[in-house]
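Data first, discussion second: the structure below is written as structure tokens.
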Amino acid sequence: MNDPVGPLPASWLGELKALLGPGGYLDAAADRAPFETDFRALYHGDTPLVALPDSTARVAELVRWCAAHRVAIVPQGGNTSYCGGATPRPGGRELVLSLRRMHRIRALDPAGDAMTAEAGCVLAGLQEAAAAAGRLLPLSLGSEGSCTLGGVISTNAGGTAVLRYGMMRALVLGLEVVLPDGRVLDQLTALAKDNTGYDLKQLFIGAEGTLGVVTAACLRLHPRPQSTVTAFAAVPDPAAALALLARLRGAAGHALSTFELLPRVALELVLRHVPGTREPLAGVQPWYVLVEFGLHEPEAAARERVEATLAAAIAAGEISDVVLAATLAQRDALWRLREEIPFAQRREGVSLKHDIAVAVQRVPEFIAAGAAAIASLVPGARLVTYGHLGDGSLHFNVSAGAGDDGASLRAAENTVRQAVHGLVARCRGSISAEHGIGQLKVAELERYEDPVALAVMRDLKRALDPLGIMNPGKVLAS
Ligand code: MLT
Ligand code: ZN
């Protein structure tokens, strides 16, 4: 699609409003404004109208109109993208499409472990509905109170239980998608087995709305564990954390659902900026892990089993101190120490974010090499690397030194990014483990992705969206 050249003609806006009907759009500047900026305020665009269709048929009609008029569509869920993936570009010619009026649970089948819901459903509401039916929807992440099903599918969200349950690709059984020409692709089944040709639904998961609009999905549910055991442990270093991970997986298998690593500096930021948080352990320790188990046995037996494994880890020198949550409130308090890190880091001042993954066993080597690179590029800056060690996925973030205004860190942003991503490439890792490409990493994808893979991505984009109307400029340059 060509670059935007000016606002849409008034007659087109009239047609769109008639098509969407009363309550089906927002066009006042104040109403549009929240949709025109991303969560991190990195991008500011313009949209003449936010479309709020209330059915798949209406989405299809809208997309057909947009295809006929070569008008771009930017699907937006809860608008918490870290990469500007759901923000329109400047120029006022791209419609934002929000499915927030499509929030019905169409079917819930506890016995079949499946739930079919519309893309505008908020994740927390879906978790609650599954729980009320005695089932578990395991996707859990910081923005669950606002992110939508369409958003978490389009970004292949992961969260903190990937170790046990996988990312969205593993949780989607079927999809309904409006294609860029307005046809509806109906793959909304709950089949565990289906080898009839290509698995088309996987194309749209993680595509960031560039290949079509996800309007509904059938989700895989799981049995709810009978007991949950949560522990916060101090570990001497990332290598010890890795040894602990192997031990816990060996002892607990799939019952281990969370294994998160955080350094002392991250805990200190949380304790400083998040009211009500407290030191979980005595003394100062260099690294910590938050681990959680979901077991299918009574509470007392589950705790006993976990305690025995942790005792063996202490004896082996993998853990120097540990606390187990005894109540739900204590569990929440331990989780806050991990989940509030992004907030605390924002409050601390200027920081650079990298969302990387390498093979799990290479994490310690990666952290050591990355730390050395950052120390030489920006002396005094603080490495705040934390995240999902169990998945080999880290937020390799850097904060300015305490009391520093962050000017030198900002000035070094490109150099630091190149050093970190260069290291990732040497480890054959990922420069976007969780947060996607959006607008932020389009050039990085071109730089680091295998040329053959990039060419196939472009072929797919051209085949499905030859007019380039679906979320242009995201993932691939348009
Ligand atoms: C997290 O793991 O906390 C999220 O991916 C958010 C972040 O890193 O900022
Ligand atoms: Zn994360």
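The values are calculated or read from the model by the stated rules, or taken from the named source; none is laboratory data. These figures come from a predicted structure and were not determined experimentally. Reconstructed Cβ throughout: ideal geometry from the backbone, glycine too, with neighbour counts over all protein chains shown. Protein only, heavy atoms only, side chains kept; ligands, DNA and RNA dropped before computing areas. Shrake-Rupley method; radii C 1.70, N 1.55, O 1.52, S 1.80 Å.
How high is the relative contact order of the chain? Use alpha-carbon pairs under 8 Å, at least six apart in sequence, and give a whole percent.
Reported as a whole number, the value is 15 percent.
Placing unit charges on C-beta atoms (Lys and Arg positive, Asp and Glu negative, everything else neutral), compute the dipole magnitude of region 260-404 about its Cα centre in debye, rounded to 20. Mind showing how you got there, number by number?
On the way: 13 positive and 18 negative charges, 90 e Å.
For this selection, approximately 440 debye.
What FRET efficiency comes out for the pair Ala57/Glu307, r = Cβ-Cβ distance, R0 = 56 Å, nearest 0.05? Present the calculation step by step, with values, prior to reporting the outcome.
On the way: r = 56 Å, r/R0 = 1.00.
The pair Ala57/Glu307 has a calculated efficiency of 0.50.
Once you place label points 7 Å from the Cα toward the Cβ at Tyr198 and Arg447, how far apart are they in nm?
Result: 3.1 nm between the two label points.
Applying the Karplus parametrisation 6.51 cos²θ - 1.76 cosθ + 1.60 with θ = phi - 60° to the phi angles of region 115-124, what ³J(HN,Hα) value in whole Hz is obtained for each residue in order, glycine and proline being reported as x?
Residue by residue, region 115-124 yields 9, 10, 9, 7, 5, x, 5, 7, 3, 4 Hz.
If you take the beta carbon distance between Ala10 and His254 as r and set R0 to 56 Å, what does 1/(1 + (r/R0)^6) give as a FRET efficiency, to the nearest 0.05? Kindly include the intermediate steps, with their values, before the conclusion.
Details: r = 58 Å, r/R0 = 1.04.
About 0.45, to the nearest 0.05.
How big is Rg to Rh over the chain, alpha-carbon atoms, Rh as the Kirkwood inverse-mean-distance radius?
Values: Rg = 23.0 Å, Rh = 23.6 Å.
On the Cα set of the chain, Rg over Rh gives 0.98.
In Å and on Cα atoms, what radius of gyration and Dmax does region 54-159 show?
In order Rg, Dmax, the Cα atoms of region 54-159 give 15.4, 50 Å.
Ignoring ligands, DNA and RNA, what percent of the accessible area of the chain is carbon or sulfur (1.4 Å)?
Taking all protein chains in place, the chain shows 54 percent carbon and sulfur surface.
Once region 24-107 is represented by equal point scatterers at the alpha-carbon sites, with solvent omitted, what log10 I(q)/I(0) does the Debye formula produce at q = 0.13, 0.18, 0.19 Å⁻¹?
-0.40, -0.74, -0.82
Give me the 1.4 Å probe accessible area per residue for region 127-205, excluding ligands and nucleic acids, in Å².
Ligands and nucleic acids excluded, the result is 44 Å² per residue.
Translational D (Stokes-Einstein, µm²/s) of region 277-427 at 20 °C and 1.002 mPa s when Rh comes from the Kirkwood sum over C-alpha pairs? It would help to have the intermediate numbers written out before the result.
Numbers: Rh = 17.6 Å.
It diffuses with D of about 122 µm²/s by this estimate.
Using only Cα atoms, figure out Rg for region 379-478 and give it as a multiple of 2.2 N^0.38 Å.
Working: Rg = 16.5 Å, N = 100, 2.2 N^0.38 = 12.7 Å.
Compactness ratio reported: 1.30.
Which entries of Lys353/Lys474; Lys17/Lys441; Lys193/Lys474; Lys17/Lys201 show an alpha-carbon separation above 27 angstrom in the structure shown? It would help to have the intermediate numbers written out before the result.
On the way: Lys353/Lys474 19 Å; Lys17/Lys441 34 Å; Lys193/Lys474 32 Å; Lys17/Lys201 31 Å.
Cα-Cα > 27 Å for Lys17/Lys441; Lys193/Lys474; Lys17/Lys201; rest within.
Could you tell me the largest-minus-smallest coordinate of the C-alpha atoms of region 167-243 on each of the three principal axes, in descending order and whole angstroms?
55, 30, 22
Roughly how far apart, in whole Å, are the Cα centres of region 357-386 and region 23-56?
One Cα centre to the other: 38 Å.
Set Lys and Arg Cβ to +1 and Asp and Glu Cβ to -1, take the dipole of the chain about its Cα centre, and tell me which of Asn79, Val456, Pro223 lies farthest positive.
Looking along the dipole axis, the top candidate is Val456.
Ranked highest first by the average count of other Cβ atoms within 10 Å around their residues, in what order do 114-121, 134-141 fall? Display every interim value, and only then the final one.
Details: 114-121: 23.8, 134-141: 20.2.
Ranked from most to least packed, the peptides come out as 114-121, 134-141.
Among 367-380, 172-185, what's the highest-first ranking by average C-beta atoms within 10 angstrom per residue? Walk me through the numbers on the way to the answer.
Working: 367-380: 16.0, 172-185: 20.7.
So the peptides 367-380, 172-185, ranked by packing, come out 172-185, 367-380.
Enumerate the residues in region 83-97 having an amide nitrogen under 19 Å from the point lying 7 Å beyond the Cα of Ala41 toward its Cβ.
The answer is 83-88, 90, whose backbone nitrogens lie closer than 19 Å to the label point.
Just to verify a number: FRET efficiency for Ile314 and Glu128, C-beta to C-beta distance, R0 = 30 Å, to 0.05?
Efficiency for this residue pair is about 0.20.
If you take the charge dipole of region 226-364 about its Cα centre, with +1 on Lys and Arg Cβ and -1 on Asp and Glu Cβ, which of Pro238, His273, Val284 is farthest toward its positive end?
Positive-end residue among those listed: His273.
Could you tell me what % of all Cα pairs in region 74-123 have separations over 18 Å?
On the way: 572 of 1225 pairs.
Summing the P(r) of region 74-123 above 18 Å gives 47 percent of all pairs.
Which order do the peptides 248-256, 200-208 take when ranked by the mean count of other beta-carbon atoms within 10 Å per residue, highest first? Before the final figure, lay out each step's value.
Working: 248-256: 16.9, 200-208: 19.8.
In descending order of packing, they fall as 200-208, 248-256.
Can you give me the solvent accessible area of Thr196 with a 1.4 Å probe, rounded to the nearest 10 Å²?
Rounded to the nearest 10, the figure is 110 Å².
What's the extension gain from Arg64 to Arg362 if we count 0.36 nm per residue and subtract their Cα-Cα distance?
Values: separation 298, 0.36 × 298 = 107.28 nm, distance 4.78 nm.
Extra length available between Arg64 and Arg362 comes to 102.5 nm.
Let me check I have the definition right: for region 107-196, take the eigenvalues of the Cα gyration tensor, multiply each by 5, take square roots. What are those semi-axes in whole Å, largest first?
Details: eigenvalues 85, 54, 37 Å².
Semi-axes from the Cα gyration tensor: 21, 16, 14 Å.
Just how many % of Cα pairs in region 203-284 lie over 14 Å apart, if you round to the nearest whole percent?
Numbers: 2544 of 3321 pairs.
For region 203-284, the share of Cα pairs beyond 14 Å comes to 77 percent.
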